[in-house]
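The values are calculated or read from the model by the stated rules, or taken from the named source; none is laboratory data. Not measured: the values here are computed from a predicted model. No Cβ is skipped: glycine too gets one built from the backbone with ideal geometry, and neighbour counts run over all protein chains shown. These accessible areas exclude ligands, DNA and RNA; they are computed on the full protein's heavy atoms, side chains included. Shrake-Rupley method; radii C 1.70, N 1.55, O 1.52, S 1.80 Å.
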Amino acid sequence: DVKVTQSSRYLVKRTGEKVFLECVQDMDHENMFWYRQDPGLGLRLIYFSYDVKMKEKGDIPEGYSVSREKKERFSLILESASTNQTSMYLCASSLTGYSYGYTFGSGTRLTVV
Amino acid sequence: RKEVEQDPGPFNVPEGATVAFNCTYSNSASQSFFWYRQDCRKEPKLLMSVYSSGNEDGRFTAQLNRASQYISLLIRDSKLSDSATYLCVVNPHSNDYKLSFGAGTTVTVRA
């Protein structure tokens with residue numbers, strides 16, 4: 001069964017901490033994405049990557065960075081966590097091509113206190 | 001204007017009923033269309049792709065109307081397990097593979 005695996009299901013961090021969220025896919029997908037989902041706001045794209053070592057900003061990149069050193073792994077970094085970054089974080093991957101949808105990981109619910 | 005807009009609902013229907021809802025998209029050049037299902041506190045999962053000719057998967061029927069720029073989802077013979085949020089998803093871009101997500105339509109099926 002194909003999978004996108006996120007390293008943590010629940011995470012609690014303190015304000016100002018550097019936070020790493022890891023995502024690994026086993027489908028040999030070229031494209032990987034990080035979203036956050038908040039009630040009433042839907043899914044918002046933070047960063048995405050089309051290839052190893054390549055990254056592009058999404059709609060809300062401020063306060064975040066990413067790393068893609070290997071094709072299967074895409075990491076989201078919160079440089080200095082703040083309470084307004086409390087959210088559900090979803091990683092997704094896809095093949096290249098318009099007819100392909102995304103496969104999502106099960107999400108990381110991050111609380112910053 | 002948002003790229004994808006949906007009626008948030010909720011649609012509360014009895015078991016066995018038919019429920020249908022639409023979403024509209026703003027970019028007439030949009031390439032591909034999907035419906036995703038998201039259960040409470042879970043990740044979105046692909047329900048079905050939407051093709052120009054319309055398509056059916058069991059009790060679910062999806063339609064695309066390019067002229068009016070909307071897609072629809074119809075659920076027949078609703079089950080309790082159909083209770084979820086349904087996300088309308090569109091690829092509005094001609095040169096990349098980013099998808100745009102609607103905020104979702106909530107459906108609650110009651111016994």
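Mind listing, in residue-number order, the residues in segment A:39-60 that have at least 30 Å² less accessible area with every protein chain present than in their own chain alone (1.4 Å probe)?
A:Leu43, A:Tyr50
Between segment B:56-90 and segment A:2-54, what's the alpha-carbon centroid distance in Å?
27 Å
On full extension of the chain, what length is gained from B:Asn55 through B:Lys42, given 0.36 nm per residue of separation minus the C-alpha to C-alpha distance?
On the way: separation 13, 0.36 × 13 = 4.68 nm, distance 2.58 nm.
Difference between extended and current length: 2.1 nm.
How big is the dipole moment of chain B about its Cα centre under a simple scheme where the beta carbon of each Lys and Arg is +1, that of each Asp and Glu is -1, and everything else is neutral? Debye, nearest 20, please. Don't jump to the answer; show the numbers that get you there.
On the way: 12 positive and 11 negative charges, 25 e Å.
The calculation lands at about 120 debye.
For segment B:15-68, what is the convex hull (Cα atoms) projected area averaged across all directions, in square nanometres? Write out the running numbers ahead of the final one.
Details: hull surface 19.9 nm².
For the Cα atoms of segment B:15-68, the hull's average projected area reads 5.0 nm².
With the other protein chains left in place, how much accessible area per residue, in square angstrom, belongs to segment A:47-95 at a 1.4 angstrom probe?
Values: 2260 Å² over 49 residues.
Computed with neighbouring chains in place, this is 46 Å² per residue.
Given axes a ≥ b ≥ c from the Cα gyration tensor, I'd like to know whether segment B:1-108 is rounded (a/c under 1.5), prolate (a/b larger than b/c) or oblate. Show your work: numbers first, answer last.
Working: a/c = 1.90, a/b = 1.58, b/c = 1.20.
It comes out prolate by the Cα gyration axes.
Determine the share of the protein assembly as shown's accessible area contributed by carbon and sulfur atoms, expressed in whole percent, with a 1.4 angstrom probe. It would help to have the intermediate numbers written out before the result.
Working: 5110 of 10780 Å².
Reported share for carbon and sulfur atoms: 47 percent.
Over 28 Å, how big is the tail of the calculated P(r) for the protein assembly as shown, in percent of all Cα pairs?
Details: 7767 of 24976 pairs.
Every Cα pair in the protein assembly as shown considered, those over 28 Å come to 31 percent.
Along its three principal axes, how long is segment A:34-91 when you only count alpha carbons? Whole Å, largest extent first please.
Computed over the Cα atoms, the extents are 32, 23, 16 Å.
Treating cross-link reach as a plain straight distance, find the lysines whose alpha-carbon is under 20 Å from the alpha-carbon of A:Lys55, omitting any fewer than eight places away in the same chain.
Once the sequence-local lysines are set aside, what remains near A:Lys55 is A:Lys18, A:Lys70, A:Lys71, B:Lys98.
Using only the Cα atoms, what convex hull volume per residue in Å³ does chain A have?
Working: hull volume 11.2 nm³, N = 113.
Per residue, the Cα convex hull of chain A comes to 99 Å³.
Summed for both chains, how many Å² of accessible area, to the nearest 100, are buried between B and A with a 1.4 Å probe? Write out the running numbers ahead of the final one.
Working: alone 6240 and 6340 Å², together 10780 Å².
The summed interface area works out to 1800 Å².
How shielded is B:41-47 by partner chains, expressed as the average number of their Cβ atoms within 10 Å of its Cβ atoms? Walk me through the numbers on the way to the answer.
Values: counts 4, 4, 14, 10, 4, 5, 1.
Taking all residues of B:41-47 together, the mean is 6.
Give the cysteines in chain B for which no other Cys Cβ lies under 4.7 Å away, or write none if there are none.
B:Cys40
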